[in-house]
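Accompanying notes for the structure given below.
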Amino acid sequence: MKLKHIIESTGASILVGNEDLEISFICSDSRDVREGCAFIAAKGCNYDGHDYIDYAIRNGAVAIIDADKKALALCADNFYSHPSRKLNLVGITGTNGKTTTVTLLYNLFRMLGYKCGMISTIANYVDTRRFETNNTTPEPIITNLLLSKMVAAGCEYCFMEVSSMGSERDRVTGLDFKAGIFSNLTLDHLEYHKTIDAYMQCKKKFFDNLGPDSVAIINIDDRYSDMMVRDTKAKVMTYSCISAADYNCRVVEQSFEGSRLLLDGKLVETNLPGEYNAYNILAMYCTALVLGAAKEDILSKIPELEAPAGRFENLKGPNGLNVIIDYAHTPDALEKVLNTLKTLSPERELICLFGCTGNRDTTKRPEMAEISENLADKIFVTADDNHNEPIENIMEDIRKGFSESGLAKVTFITDRKEAIKTSILSASANAVILLAGKGHERTLIDGKNNIPFCEKEIVQEAFSGITEIAGR
């Protein structure tokens, strides 16, 4: 593509290069420069691309484009020939439920016979081809590259997570969304956004930018739902599990294996337990209807759908143990999964293991302690991704959330692997153990080190230890 067409109607300008120069590749990271490349110098949160212009030229960049974040996204959209316009693109924003909902939609439409793409926290998919991901919502050049690959692969749909930072940093600017979903908004990311209002405004920005041909699919049970669509041009569709809405759902029965739901007037079985998953399934259902799927076809496939890895992943062990691996890393998510477990097994010992991420929102640390104290019988506080913050500081912040009497049922173990094994080996028969915070993740970040870490494997090791002890 000619350089002039890349910057057309973006507000970007050419610093180096002829406007008729043919460009074969674009990047905003100077380490990615290759032959025939245009380097887009944009200012990020922690860096300024202009500082790397000389490096990019030395590495072979044939052109330099000056752009802000919004212009960068529009340049990416131009370069890849507006791929989102050739797909039915759906975005979901909210504190919790994004990954589960996009995964349900991706799998549902594949079951219905369509080729699909997915952009999510766990992985990105172009039809069946998996690509690893570093961000919930990738940088715009990566997103548009993925979307163009989906178009080339014959995909008709793409389902993507839109994080608050992805929206605020213009990572989805220029994309043509057929629908946008709002799941909920609770405490998270205040180390970045500073206030809940600023966090909410980033979520709202996504709906402000939807076009009149789009549909905003809104959970009206959330107190921020009205604010989300106050200035949207999109048609609004509502869903709820407790209020009058366009579409409703309620949990009729549930167990560790799943739930029976009354969904839009029909009874349906699902493999996903918990009221919070009823919301995820309802959001999926509404979206599928908006995209033209038949009600009967959607309902017929729901019993076959599975939750993504690390979302209420139930591992059955010896002595009647159930170990639940869940990504719950916010106060709201932790409270919901613990409440679900108490509902499913009110007479069984409930053990909660959690930690909090370093260099992140410190306000939620004592809140998660208070929630675990109120709902769990035994608690293990341990490491999560501490990044560069001393683990002792994180655990002290968590400790402040416990009452004096509550501390009697808390064990602090900094080594997460040791904490997991201790929680399992010390559990009473038939106990339920929640391992919260890591979910699907396969590493533990300590300083600059990414340590291989798979909770599922650690749990199986602990189960083997119980079996060995019983066999002696």
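The values are calculated or read from the model by the stated rules, or taken from the named source; none is laboratory data. Computed from a prediction, not measured in an experiment: that's the story for all the values here. Neighbour counts are summed over all protein chains in view; Cβ atoms, including those assigned to glycine, are modelled from backbone coordinates with ideal geometry. The protein model used for the area step is the full one, side chains on, heavy atoms only, and it has no ligands, DNA or RNA in it. Shrake-Rupley method; radii C 1.70, N 1.55, O 1.52, S 1.80 Å.
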(Q) With mean projected area of the Cα convex hull in nm² as the read-out, I listed (1) 28.3; (2) 23.4; (3) 37.9; which label goes with the value calculated from this structure? (A) (2)
Q) Taking amide hydrogens as modeled 1.01 Å from N in the peptide plane, which residues meet the under 5 Å criterion relative to residue 433, leaving out close sequence neighbours? A) 322, 323, 324, 351
Q | Inter-label distance for residue 457 and residue 242, nm, one decimal - labels placed 7 Å from Cα along Cα-to-Cβ | A | 4.2
Q) Among the listed pairs 98/456; 266/336; 301/378, which are separated by more than 27 Å between their Cα atoms? A) 301/378
Q: Please calculate how many Å² of accessible area segment 153-268 carries per residue, with a 1.4 Å probe and no DNA, RNA or ligand atoms counted.
A: 41
Q | Global geometry of segment 99-166, whether rounded, prolate or oblate, following the gyration tensor of its Cα atoms and the 1.5 cut on a/c | A | oblate
Q) Distance from the Cα centre of segment 109-135 to that of segment 374-442, in angstrom? A) 33
Q) Ignoring ligands, DNA and RNA, what percent of the accessible area of segment 370-461 is carbon or sulfur (1.4 Å)? A) 45
Q. Excluding ligands, DNA and RNA, what is the solvent-accessible area per residue of segment 1-118 at a probe of 1.4 Å, expressed in Å²?
A. 43
Q. When ligands, DNA and RNA are left out and all protein chains stay put, how many square angstrom of accessible area per residue does segment 279-376 have with a 1.4 Å probe?
A. 34
**Q.** From phi via Karplus (6.51, -1.76, 1.60), per-residue ³J(HN,Hα) for segment 197-202 in Hz, x at Gly/Pro
**A.** 5, 5, 4, 4, 4, 5
**Q.** Long-range amide H partners of residue 216 with built H, under 5 Å
**A.** 180, 235, 236, 237
Q: Based on the mean of other Cβ atoms within 10 Å per residue, sort peptides 60-69, 26-35, 125-134 so the most packed one is first.
A: 60-69, 26-35, 125-134
**Q.** Within the accessible area of segment 284-329 (1.4 Å probe), percent carbon and sulfur
**A.** 47
(Q) Which of rounded, prolate or oblate describes segment 363-472 when judged by the alpha-carbon gyration tensor and an a/c cut-off of 1.5? (A) oblate
Q. Which net charge results when you count Lys and Arg as +1 and Asp and Glu as -1 among the other residues whose beta-carbon is under 14 Å from that of residue 152?
A. +2
Q: Taking the Cβ of residue 291 as the centre, find all other residues whose Cβ is under 12 Å away and add up their charges (Lys, Arg: +1; Asp, Glu: -1).
A: -1
Q: List the residues whose amide H sits under 5 Å from the amide H of residue 411, counting only those 5 or more places along or on another chain, with H placed 1.01 Å from N in the peptide plane.
A: 379, 380, 381
Q. In the chain, what % of DSSP beta bridges are antiparallel (nearest 5)?
A. 40
